[in-house]
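What follows is one structure encoded as structure tokens, with my remarks underneath.
The values are calculated or read from the model by the stated rules, or taken from the named source; none is laboratory data. Nothing here was measured: the structure is a model prediction, and the numbers come from that model. So basically every Cβ, Gly included, is an ideal-geometry build from the backbone, and we count neighbours across all protein chains shown.
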Amino acid sequence: MVWKQGNGGLLPLQGDDTMNGVNTPLDSGQTRLQELGYKQELKRNLSVLSNFAFSFAIISVLTGITTLYNTGLKFGGPTGMVYGWVFAGCLTMFVGSSMAEICSAYPTSGGLYYWSAKLSGPSWAPFASWLTGW
């Protein structure tokens with residue numbers, strides 16, 4: 001659902017409504033940020049290619065492939081490599097799905113630091129954020 005800022009708070013957009021005379025209504029991320037008390041400052045406009053390139057650079061595929069194939073084949077053999085990759089891939093998908101849900105609940109630019117602070121409680125928030133960043 002798309003929202004706009006009204007006199008009584010956030011209201012759903014209907015028909016040709018726009019936000020403050022601009023043809024860009026609030027998306028769900030902007031709405032959630034306003035609910036959390038933040039104003040969106042960063043642009044959210046990564047293309048599919050930019051997102052792929054960014055993700056590819058972060059996971060360092062070449063480093064992982066060159067170092068892990070030898071170790072996996074040496075200690076597990078081809079069967080261990082196949083089942084290991086499938087098992088690890090499934091677990092990675094679970095972690096990614098969980099992080100996507102948390103990201104939709106807290107769409108801030110702080111990411112993991114902010115999530116760990118909010119999910120750990122006020123007394124553990126500084127330590128959890130520091131540990132996540134370390």
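Which pairs turn up if I take residues in segment 93-111 that are closer than 18 Å to A125 by Cα and look for partners that are modelled with pLDDT of 85 or more and surrounded by 12 or more Cβ atoms within 10 Å (Cβ to Cβ) with beta carbon separation below 7 Å, at least 6 apart in sequence or on another chain?
From segment 93-111, the pairs are I102/W115; Y106/Y114; Y106/W115; Y106/K118; T108/Y114.
Under 7 Å by Cβ, and 6 or more places apart or on different chains, what pairs join a residue from segment 32-45 that is in contact (Cβ under 8 Å) with a residue 24 or more places away in the chain with one that is surrounded by fewer than 16 Cβ atoms within 10 Å (Cβ to Cβ) and among the small types (G, A, S)?
Going by the 7 Å Cβ cut-off, the qualifying pairs are L42/S109.
Between residues in segment 112-132 that are without any contact (Cβ under 8 Å) to a residue 12 or more places away in the chain and residues that are crowded, with 16+ Cβ neighbours inside 10 Å, which pairs lie under 8 Å by C-beta distance while being six or more apart or on different chains?
Taking only residues 6 or more apart or on different chains, the pairs are S120/A128; A125/S116; A125/A117; A125/K118; P126/A117; F127/S120.
Collect the residues in segment 115-127 that are within 18 Å of S98 (Cα to Cα) and aliphatic (A, V, I, L, M), keeping them in residue-number order. Steps first, please.
As a first pass, look at segment 115-127 and keep what is within 18 Å of S98 (Cα to Cα): 115-120.
Once the filter is applied, which keeps residues that are within 18 Å of S98 (Cα to Cα) and aliphatic (A, V, I, L, M), segment 115-127 yields A117, L119.
Can you pull out every residue in segment 37-58 that is surrounded by 10 or more Cβ atoms within 10 Å (Cβ to Cβ) and either closer than 21 Å to A88 by Cβ or of a type in the set (S, T, Y) (or both)?
Across segment 37-58, the qualifying residues are Y38, S50, F52, S55, F56.
So, in segment 81-123, exactly how many residues are closer than 17 Å to G37 by Cβ and of a type in the set (V, I, T)?
Residues in segment 81-123 being closer than 17 Å to G37 by Cβ and of a type in the set (V, I, T): 1 in total.
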